[in-house]
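To keep things clear, I will list the structure first and then write my remarks on it.
The values are calculated or read from the model by the stated rules, or taken from the named source; none is laboratory data. It should be emphasised that the depicted structure is a prediction, and the values quoted were computed from it without experimental measurement. All Cβ positions, even for glycine, are placed from backbone atoms using ideal geometry, and neighbour counts span all protein chains on display. Surface accessibility is based on the protein's heavy atoms, side chains included, excluding ligands, DNA and RNA. Shrake-Rupley method; radii C 1.70, N 1.55, O 1.52, S 1.80 Å.
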Amino acid sequence: MEKLSISDLHIVLVEPSDTQRKIITTLLLKEKVKEIDPVSTLAEARAAVKSHGADLIVSAMYFEDGTALDLLKFIKESDEYKAIPFMLVSSENRLSKLEEFKQAGVAAILPKPFEPLHLSRALNASLDLINHDELELELFDVQEVRVLLVDDSKLARNHIRRVLEGMGLKKIREAENGAMALTYIKDEEFDLVVTDYNMPEMDGRELSEFIRFNPETTHIPIIMVTSEAADSAHMANIQQTGVNALCDKPFEPTEVRAMLAALLSE
């Protein structure tokens, strides 16, 4: 399939403010986006997607008829639309509110106001989700790499799986928490573990400690996916458990590609 460029994107822009719609539309046009479908409500957004689809949805947070999370779930829980990347544009800075979007698999979160550089990076991250580019490895056939993906959010697992599959990884086993992951690790062999940090029953730190200090699994590379601040004391403790790489949510393909290339080439 021919790869899309930014100028090829058909974007549904969902923004209740006339002024903000005009500002964001202008910035998208400056990035060479040619097809923008501006709407002001969630109902109009759903109708637009159902009518003629979208390559990317760019949405504000709050609307009279709900929040962007309602629209995101509508997209991600639909077999027909779940591959459409979703970009949140919001002045919301409460971590608890943004966490829901990170867990659900947004392509990017932009603050209001944002710089053109931020928009460019977010558009390119969205393109990476659309354009599949197989990862080339010297030591592995990428399609034979056995991955254990651990996250208690099904939406997050779906998003991460799509990113990994877009790079050519096909053998992906999913677990919804560390305890379930351990049952798989005891019975199967894996070349890579990608795990969330915050999970019930057994979190990512406990799972990583088991993997790293068990002689049979100590060699397995671990990528920890988290929305925690990378420089927090929490994360310093995580790194001491032997995690090979920390990856922020949203799970960006470019960053993940570089991590995988490094980890699977050692």
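With all protein chains present, how much of the accessible area of the range 188-230 (probe radius 1.4 Å) comes from carbon and sulfur, to the nearest whole percent?
Of the solvent-accessible surface of the range 188-230, carbon and sulfur hold 49 percent.
Kindly report the accessible area of the range 1-160 per residue (heavy atoms of protein chains, probe 1.4 Å, no ligands, DNA or RNA), in Å².
That works out to 50 Å² per residue.
Would you mind estimating how fast the range 25-110 diffuses translationally, via Stokes-Einstein at 25 °C and 0.890 mPa s with the Kirkwood radius over Cα pairs, in µm²/s? Present the calculation step by step, with values, prior to reporting the outcome.
On the way: Rh = 13.4 Å.
In µm²/s, the coefficient rounds to 183.
How would Tyr184, Tyr197 line up by accessible area, probe 1.4 Å, largest first?
Output order, biggest surface exposure first: Tyr184, Tyr197.
Given that compact globular proteins tend to follow 2.2 N^0.38 Å, what is the ratio of the alpha-carbon Rg of the chain to that value?
Against the compact-globule rule of thumb, the ratio is 1.04.
How big is the gap, in Å, between the Cα center of the range 3-73 and the Cα center of the range 131-151?
Each part reduced to its Cα centre gives a spacing of 32 Å.
Can you give the convex hull volume per residue for the Cα atoms of the range 151-212, as a whole number of Å³?
About 78 Å³ per residue, rounded to a whole number.
Using only the Cα atoms of the range 36-193, what are the Rg and Dmax in Å?
17.4, 53
Taking the Cα atoms only, what angle lies between the long axis of helix 116-130 and the longest principal axis of the chain, rounded to 10 degrees?
60 degrees
Using Cα positions and a limit of under 17 Å, work out the lysines in reach of Lys32, with same-chain residues fewer than 8 apart set aside.
Within the straight-line cut-off, Lys32 pairs with Lys3, Lys22.
For the range 101-168, what class follows from the C-alpha gyration tensor (a ≥ b ≥ c being the square roots of its eigenvalues): rounded when a/c is under 1.5, otherwise prolate if a/b is larger than b/c, else oblate?
On the way: a/c = 3.31, a/b = 1.53, b/c = 2.17.
Oblate, since a/c reaches 1.5 and b/c is not below a/b.
What is the chain's relative contact order, in percent, from Cα pairs under 8 angstrom and six or more apart in sequence?
On the way: 450 pairs, mean separation 37.4, N = 266.
Averaging sequence separation for qualifying contacts and normalising by length gives 14 percent for the chain.
Of Leu148, Gln103, Ile23, which is farthest on the positive side of the dipole of the chain, counting Cα position, with +1 on Lys and Arg Cβ, -1 on Asp and Glu Cβ, and the Cα centre as origin?
Ile23
For Lys73, go through the lysines and keep the ones whose alpha-carbon is under 20 Å away, minus same-chain ones fewer than eight residues off.
Lys50, Lys82, Lys97, Lys102, Lys154, Lys249
Looking only at Ala179, Ala47, Ala108, which one moves most when the chain is put into a Gaussian network model with springs between Cα atoms under 10 Å?
Maximum fluctuation in the GNM of the chain, among the listed residues, is at Ala47.
Would you mind checking which residues have amide H under 5 Å from Leu192's amide H? H placed 1.01 Å from N; only 5 or more apart, or other chain.
Residues meeting the amide H criterion: Arg146, Leu148.
Tell me the carbon and sulfur percent of the accessible area for the range 1-146, rounded to whole percent, probe radius 1.4 Å. Walk me through the numbers on the way to the answer.
Numbers: 3740 of 7680 Å².
The computed percentage sits at 49.
Please enumerate, by chain and number, the aspartates and glutamates with C-alpha under 13 Å from the C-alpha of Lys171, excluding those fewer than 8 residues away in the same chain.
Asp141, Glu144, Glu188, Glu189, Asp191
With +1 assigned to the C-beta of every Lys and Arg and -1 to the C-beta of every Asp and Glu, and no other charges, what is the dipole magnitude of the chain about the Cα centre in debye, to the nearest 20? All intermediate terms of the calculation are to be shown ahead of the outcome.
Values: 29 positive and 47 negative charges, 139 e Å.
Approximately 660 debye in magnitude.
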